[in-house]
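Working notes for the structure below.
Please treat every number below as a calculation from the coordinates, not as lab data. Keep in mind that this is a model prediction, so the values were computed, not measured. Note: ideal-geometry Cβ built from the backbone for every residue, glycine included; neighbour counts use all protein chains shown.
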Amino acid sequence: MLQFTTTEQAYPQTREAAARKLDFNEISAPFNPAEAATQSSRCSQCGVPFCQIHCPLANNIPDWLKLAAEGRLQEAYAISSATNSFPEICGRICPQDKLCEGNCVIEKGFGSVTIGAVEKYITETAFAQGWVKPIKITRESGRSIGIIGAGPAGLAAADMLRRQGHALTIYDRYDRSGGLMIYGIPNFKLDKKIVQRREKLLRDGGIKFQLNTQVGITITLDDLRKKHDAVLIATGVYKPRALGISGDTLQNIFPAMDYLTASNRKGLGDKVAAFDSGTLNANAKRVVVIGGGDTAMDCVRTAVRQGAASVTCLYRRDRANMPGSAREVKHAEQEGVVFEWLAAPAQFIGDGAVKSVEVQRMRLSAADEAGRSNVEAIAGDTYGLDADMVIQALGYDADDLPALFNAPELRASKYGTLAIDAQFMTTLPNVYAAGDIVRGASLVVWAIKDGRDAALAIHARLSVEARHVA
Ligand code: FAD
Ligand code: SF4
Ligand code: SF4
């Protein structure tokens, strides 16, 4: 260990932008065994590991780095998978520059340990070696739990609860499980096969999936409460925010998720009429994407791969104040995306369909309470940007679940997300909630963390009830 003084930081090789923008395959090669060991050996084994403190799952990073450096990968996997239900997914798509790696103590001066790539390497090795096995339980508990939503929060909770011997059924309105990991995040960041491999393991471990089942329409929350001892709501957030500016009802202006879902479905081999007709396909179009988060980065990079004539990203703050990962911006720039910083749409102009965006130039103003710079318009400073297609990636709010689930007793916060107590229980007895539907639009790693914690709370309660019955 401590090799950071002599060994340079290295990430796995990334395919050249010219080649990778021609397909939807993942852009990074995996580490080879020597690279993984060498990069792990750069860790200084800090007494107070800031990497671990800033990992939402509090992964025991120094320990698995040491084991990886020594080639003891089976033990490394045992430690890494003890705190993370899907380490191969986090290793790929966590914004490490804002979490573990961004807080690695050797970051300043030497470059952080490349933690995410090592986590991916350890887990992929474990899969290749057959160390990752379906859950095998010795005794069924006789208790049953229904989970609404097969995204990372629901899947992580199901994984934890099944290990305790409970019967699990996951209900999802979509035809595939995975939530935003399947229909939101593009394949070039997270190959769909990686998500489907996990789903298969969960099924092989005895977890049942009831897909194409929309709670509130196909089946009611009340039905599920009667059927199961506990219900977990993990439905995510899907109501797109709108700009509310002149011209935003023109044709060819789309919410990001409509665009990304169509692209992901196409990649999965589905027939997608709106894509095939050209409507939700960026090919040969001048595309303008509005927003500065990871969803916007996914849209611009998808448009590049669909063969857009040009792709411009408008963001009202500057690069330093972007919510998205700096790494994703760099990738997008390499792939030819043009960023217009301090630029906000003032109105959309067109005749039936959008033809251009009137862009308002902005400047930074005093910071808000959180220290983030505000922006204000520069009076009279606007310009026009031609556009055949506009994608709005402005964030998502929670749907009105009390109304959708016909459960007025289900209390929502002022943001529309579900209110829970310290044990993850909503205002309905034995109905729990986790993930984005509680936290608001967040990250996969936080959804996993919440799903795991909710599962512990559900299991604790079911165990107490079982003792009372006995
Ligand atoms: P979701 O993943 O949204 O899953 C919810 C599931 O519930 C869905 O399958 C949905 O169909 C189902 N559902 C909803 N309502 C019902 C109902 N009534 N009945 C039955 N089923 C229902 N995070 C990262 O960490 N890294 C990234 O790179 C990243 N990129 C992103 C890119 C995009 C485009 C988006 C939109 C998000 C991205 N995120 C990323 C955020 C991350 O995907 C989410 O924070 C995470 O998926 C939330 O997990 P969840 O389980 O709470 O909800
Ligand atoms: Fe880093 Fe995410 Fe892995 Fe935690 S889960 S160690 S934050 S990549
Ligand atoms: Fe190793 Fe960096 Fe974590 Fe310290 S902060 S234990 S150097 S990975």
*Sites residue 137 and residue 46 - FRET efficiency at Förster radius 45 Å, r taken between beta-carbons, to 0.05*: 0.75
*Taking a label point 7 Å from the Cα of residue 108 along the Cα→Cβ vector, which residues of the range 54-90 have an amide N closer than 15 Å to it?*
none
*Give me the distance in nm between label points sitting 7 Å out from Cα along the Cα-to-Cβ direction at residue 465 and residue 366, one decimal.*
5.3
*Could you check what % of the DSSP bridge pairs in the chain are antiparallel, to the nearest 5?*
40
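Count the net charge of all other residues whose Cβ sits under 11 Å from the Cβ of residue 213, scoring Lys and Arg as +1 and Asp and Glu as -1.
Numbers: positive: 173; negative: 172, 175, 223.
That works out to -2.
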*asked:* Suppose each label sits 7 Å from its Cα in the direction of the beta carbon; what would the residue 226-residue 10 distance come out to in nanometres?
replied: 6.3
*Placed amide H near residue 359: partners under 5 Å, 5+ positions off or other chain*: 346, 383, 384, 385
*Given only helices, namely DSSP H runs of n ≥ 4 each adding -39500 (n - 2.57), what is the per-residue ellipticity at 222 nm of the chain, to the nearest 500 deg cm²/dmol?*
-10000 deg cm²/dmol
*Report the net charge of residues surrounding residue 310, where surrounding means a beta-carbon distance below 11 angstrom and charges are Lys +1, Arg +1, Asp -1, Glu -1.*
0
*If you take the charge dipole of the chain about its Cα centre, with +1 on Lys and Arg Cβ and -1 on Asp and Glu Cβ, which of 151, 267, 463 is farthest toward its positive end?*
463
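Placing +1 at every Lys and Arg Cβ and -1 at every Asp and Glu Cβ, with all other atoms neutral, what dipole size does the range 50-201 have around its Cα centre, in debye to the nearest 20? Intermediate values should be presented prior to the final figure.
On the way: 20 positive and 15 negative charges, 96 e Å.
Dipole about the Cα centre, nearest 20: 460 debye.
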*Once the Cβ-Cβ distance between residue 358 and residue 214 is put in as r, and R0 is 41 Å, what FRET efficiency do you end up with, to the nearest 0.05?*
0.55
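Once you order the gyration tensor axes a ≥ b ≥ c over the Cα atoms, which shape class does the chain get: rounded for a/c under 1.5, otherwise prolate or oblate by comparing a/b with b/c?
Working: a/c = 1.71, a/b = 1.18, b/c = 1.45.
Oblate shape, in that a/c is at least 1.5 and b/c is the bigger or equal ratio.
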*Only Lys, Arg (+1) and Asp, Glu (-1) charged, at Cβ; the chain dipole about Cα centre in debye*: 1020
_With +1 assigned to the C-beta of every Lys and Arg and -1 to the C-beta of every Asp and Glu, and no other charges, what is the dipole magnitude of the range 14-65 about the Cα centre in debye, to the nearest 20?_
120
*Rounded Å value of the spacing that divides the Cα centres of the range 275-289 and the range 355-374*: 28
*May I ask for the distance between the Cα centers of the range 53-118 and the range 195-246, given as a whole number of Å?*
30
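Over the range 244-368, consider all pairs of different Cα atoms and compute the Kirkwood hydrodynamic radius from their mean reciprocal separation; express it in Å, one decimal. Numbers along the way, then the final one.
Working: mean 1/r = 0.0657 Å⁻¹.
After inverting the pairwise mean of 1/r, the radius is 15.2 Å.
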*Sum of side-chain charges, residue 166 neighbourhood, beta-carbon under 14 Å (Lys, Arg +1; Asp, Glu -1)*: +3
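Give the dimensionless ratio obtained when the Cα radius of gyration of the range 264-333 is divided by 2.2 N^0.38 Å. The partial results should precede the final answer.
Values: Rg = 13.1 Å, N = 70, 2.2 N^0.38 = 11.1 Å.
Computed over Cα atoms of the range 264-333, the ratio equals 1.19.
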